[in-house]
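Please treat every number below as a calculation from the coordinates, not as lab data. Please read all numbers here as calculations on a predicted model, not as lab measurements. Because the Cβ atoms are built from the backbone with ideal geometry, glycine has one as well, and the counts that use them run over all protein chains shown.
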Amino acid sequence: MREFDAFPSYPTIPRKADKTIRNKIAASYRDKEFYDGDRANGYGGFKDDGRWGPIADHLIKIYDLTPDSMVLQINCHKGFLLNELLKRGINVRGTEISRYAIECAPFGVKDFIRYAPFTSQPYSSKEFDLVLAVSPVYAGNLTEAIQVLKEIRRVGKGRSFITLGAYETPEDFWLLRKWYTLGTLVLTKYEWVEVLEHVGFTGDYRFDTAKTLGLL
């Protein structure tokens with residue numbers, strides 16, 4: 001396994017970590033308000049803004065994806081990235097726990113997205129050449145995180161990319177807690193590496209920290 005950012009870098013925009021419990025309650029439903037409602041309650045408009053094509057091209061290049069490759073994205077939201085991979089001839093599958101997000105997926109990719117919990121993927125062992133999981137690993141508690149990682153290892157052939165909420169100082173910890181609407185498990189980088197080693201994770205991972213997120 002390696003620490004590696006498989007998604008192209010974007011300029012860090014300063015963000016104020018000021019989410020309240022009301023914001024987190026609204027986000028917890030993962031419905032229209034979370035995706036397309038007030039920015040304090042989620043994405044504030046989750047749209048196909050042009051970023052997904054370049055990300056798809058980048059993934060194809062760094063993971064040597066071909067028309068024979070199978071890619072799974074756990075927590076695929078509205079399927080914008082999967083749609084771009086599909087346009088480029090890659091076989092895709094997605095799972096999502098938001099029925100609203102699935103309903104909003106582009107027509108061409110919607111049939112490839114299934115409703116399923118992060119901890120139980122409805123696919124066979126070693127079915128995918130690449131598994132993407134941006135945020136679902138730290139969306140629950142430690143027990144759930146371990147199960148998500150085990151599922152990634154089970155359905156994948158070894159190559160994967162995940163993100164992990166991590167802190168280095170107590171101040172960083174509280175900034176992340178105040179910023180996240182749905183992320184709940186925040187560990188130190190050292191603790192996350194221990195968790196990854198425990199499950200035998202072999203893929204790539206990126207730490208999302210107060211610094212990388214530009215939190216104030």
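List of remarks:
- MRE, 222 nm, helices only [DSSP H, n ≥ 4, -39500 (n - 2.57), over the chain, to nearest 500]: -9500 deg cm²/dmol
- Per-residue Cβ neighbour rank within 10 angstrom, fewest leading, 70, 1: 1, 70
- Anchor residue 126: lysines whose Cα lies under 19 Å away (excluding residues fewer than 8 positions away in-chain): 150, 157
- Look at where the Cα atoms of region 175-204 and of region 92-154 average out, and the two centres are 17 Å apart.
- Net charge of Cβ neighbours under 14 Å - reference residue 52; Lys, Arg +1; Asp, Glu -1: +1
- Sites residue 177 and residue 66, calculated FRET efficiency, Cβ-Cβ separation with R0 35 Å, nearest 0.05: 0.25
- Spacing of the two label points (7 Å from each Cα toward its C-beta) at residue 1 and residue 39, in nm: 3.4 nm
- Among 174, 179, a tally of other beta-carbon atoms within 10 Å of each Cβ gives an order, fewest to most, of 174, 179.
- In the structure shown, the pairs 178/211; 47/110; 87/211; 78/211; 47/87 are assessed against 24 Å; a Cα-Cα span above that value is assigned to 87/211; 78/211.
- Loop trypsin sites (Lys or Arg not before Pro), region 55-120 (other Cβ atoms within 10 Å of the site Cβ: 16 or fewer; DSSP): 88
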